[in-house]
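The values are calculated or read from the model by the stated rules, or taken from the named source; none is laboratory data. Keep in mind the model is a prediction, meaning the values are calculated, not measured. Positions of Cβ are generated from backbone atoms using ideal geometry, with glycine treated the same way; all protein chains shown enter the neighbour counts.
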Amino acid sequence: MEKAHTAKVLDERYVMLENINMTFVTNKGTFEALKDVNLNIKEGEFVSIIGHSGCGKSTVLNMIAGLLTPTSGNLFCAGREIAKPGPERAVVFQNHSLLPWLTCFENVYLAVDRVFGSKEDKAQLNARTKAALELVGLSHATDKRPNEISGGMKQRVGIARALAMEPKVLLLDEPFGALDALTRAGLQDELMNIMAKSGCTAIMVTHDVDEAVLLSDKIVMMTNGPAATIGEVLPVDLARPRKRLELAEDTHYNHLRSEVLTFLYARHAKKVA
Amino acid sequence: MTTLSINSTLPTADNNAEKSVESMASSVDATKPVAAATPAANTDYTAASANKALTSQKPSAFNKSMRQFFAWMIPPLMGLGLLIAVWTLISHQSQGLPGPVSTFKAAVILFSDPFYINNPNDMGIGWNILNSLQRVATGFGMAALVGIPLGFIIGRYEFMSRMTAPIISLLRPVSPLAWLPIGLLVFKAADPAAIWVIFISAIWPMIINTAVGVSKVPQDYMNVAKVLNLSEWKVVTKILFPYVLPYMMTGVRLSIGVAWLVIVAAEMLTGGVGIGFWVWDEWNNLNVEHIIIAIVIVGVVGLLLEQFLIQIAKRFSYE
């Protein structure tokens, strides 16, 4: 009974941020980036963090990744405190961050080898790498170097690298921000399929309202900095699988979309610099 | 040998001003027609190839590439021609400076037997070059073995960088030859002292360029390493080394350039068999042609070393 309760709590608070404050020390003095951020994310949930640029949404993601340590407050993932980066929290970087001297296969293999290298033999590692690249539809480009493929393909390799690690939480930092609108839509659809199959928890930073509503179970909207915090959390209760074209006409979808837009442009409008 | 060469230079030096002006004009004129003739020859060539194309109905790719090659070769050839013209001009005006023709004759004699050994102080030019190259290779090799790993450590750890900064900025500007007495004192022999001078002058570009490369590794790549939790060994082999390689190769190129510059001066002071000492020896013999030949040899060998390293750098570049 006790155990079941704990498990349920853990399930509800798979990723937990508690009273997070972040102050950066710069040449011009201190800058309070985040103030009192509290957030709970359920296991298997897809959560988007949206806000104007400079509101510290990437800072939040980097903290969950373990790349940044908060000035004060606690972060937990699956019941453990987050102290440093680890392969159970894989990151898809905005600018793909593939190593240009390695082929797509080698880039993914580097991650696979790190996570499973001690337990599995070479053939199994190769199979894992191939499967990950197949999942993102890149079986034909395994031996190409990153500078030989398009931006969309690079980002797919980045996603394959992250998924191949079989992470508990997938962290996406504006994953499609640098892509053109058509490529972006295609990759969003693919990401939805992949997430449905893998069922892993995902946290995505974005500034694209449509992307947030389409992909998320929950949208975390952040106020403007300095001392940014979570302004509102909007549950997205649209049935899955979601179809982009059907949703365009859907009144509930449009209502959710306008909620986010109102938050961003009416209540927390950012003055144009 | 010495008297002979002076005799051969005397007639040119004896020429009266009028004659040398005349020959200067003729030499300048001689370059002009070449420059003027080449475009003309080019157009002839085009016409010829056009005719050929008309008759054979197939524009030859070979002809086209040959034409591009000649067009590409004209400026450097003009440059070399200008150098030789200026040299001729000066040699006619000056007492004792041999002109291109007598230098070329001396070079033919010199290179007809590059590997003779009369006695330890009189060996062929080939031996001199090889001995110098060997010293450079030894000193440079040791500098690379020490400098490149040191550069990695300095670039990777802020503490090490700050610790070595005063040492490097203090010692780097010191003229390489200032280290020679220290080398002579410590090693008590001329040859290791020369190698020591090469070592100390070649090490700085490699340390500094490697360290700069390591410190410039994009944070994105380091974040990947952190998220993947890569071991330090993997970080070095999969991220740092491939990224730093072009920087390192720049350092290596600069180093070998410096080493080859310094060897001439070092050997002049230490003696023994080597191109630097050979230059000094020929100066004592007043054999000026040989000094000019040595200058050309040093230049050509330096150029070859540089090209060799550029080829290696290209092979290892990931782009």
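Evaluation of residue B:311 against the conditions (1) in a helix (DSSP H, G or I); (2) modelled with pLDDT of 90 or more shows that the sole unmet condition is (2). Of everything in the stretch B:225-249 that is among the β-branched types (Val, Ile, Thr) and surrounded by fewer than 19 Cβ atoms within 10 Å (Cβ to Cβ), the residue that is nearest to the other protein chains (Cβ to nearest Cβ) is B:237.
Within the stretch B:174-198, the set of residues being part of a loop (DSSP other than H, G, I, E, B) and under 20 Å from residue B:140 (Cβ atoms) comprises B:174, B:175, B:189. Could you say whether any residue in the stretch B:214-224 is within 30 Å of residue A:163 (Cβ to Cβ), in contact with an Asp or Glu (Cβ under 9 Å, 6 or more places away or on another chain), at the interface with another protein chain (Cβ under 8 Å from one of its Cβ atoms) and not in a loop (DSSP other than H, G, I, E, B)? No, every residue in the stretch B:214-224 fails to be within 30 Å of residue A:163 (Cβ to Cβ), in contact with an Asp or Glu (Cβ under 9 Å, 6 or more places away or on another chain), at the interface with another protein chain (Cβ under 8 Å from one of its Cβ atoms) and not in a loop (DSSP other than H, G, I, E, B). Residues that are in contact (Cβ under 8 Å) with a residue 12 or more places away in the chain and touching a Lys or Arg at 6+ places or on another chain (Cβ under 9 Å) within the stretch B:57-113 comprise B:63, B:92, listed in sequence order. One residue alone among B:263, B:239 is in a helix (DSSP H, G or I) and without any contact (Cβ under 8 Å) to a residue 60 or more places away in the chain, and that residue is B:239. Against the list (1) touching an Asp or Glu at 6+ places or on another chain (Cβ under 6 Å); (2) surrounded by 15 or more Cβ atoms within 10 Å (Cβ to Cβ); (3) among the charged types (D, E, K, R), the condition residue A:35 fails is (1).
Assess whether residue B:144 counts as being crowded, with 17+ Cβ neighbours inside 10 Å, in a helix (DSSP H, G or I) and touching a His at 6+ places or on another chain (Cβ under 9 Å). Criteria not met by residue B:144. One residue stands out among those in the stretch B:69-107 that are of a type in the set (A, V, I, L, M, F, W, C), under 22 Å from the mean Cα position of the chain (by Cα) and under 14 Å from residue B:290 (Cβ atoms): the one that is surrounded by the fewest Cβ atoms within 10 Å (Cβ to Cβ), which is B:104. Only one of the numbered conditions (1) over 27 Å from residue A:117 (Cα atoms); (2) without any contact (Cβ under 8 Å) to a residue 24 or more places away in the chain is violated by residue B:247, and that is (2).
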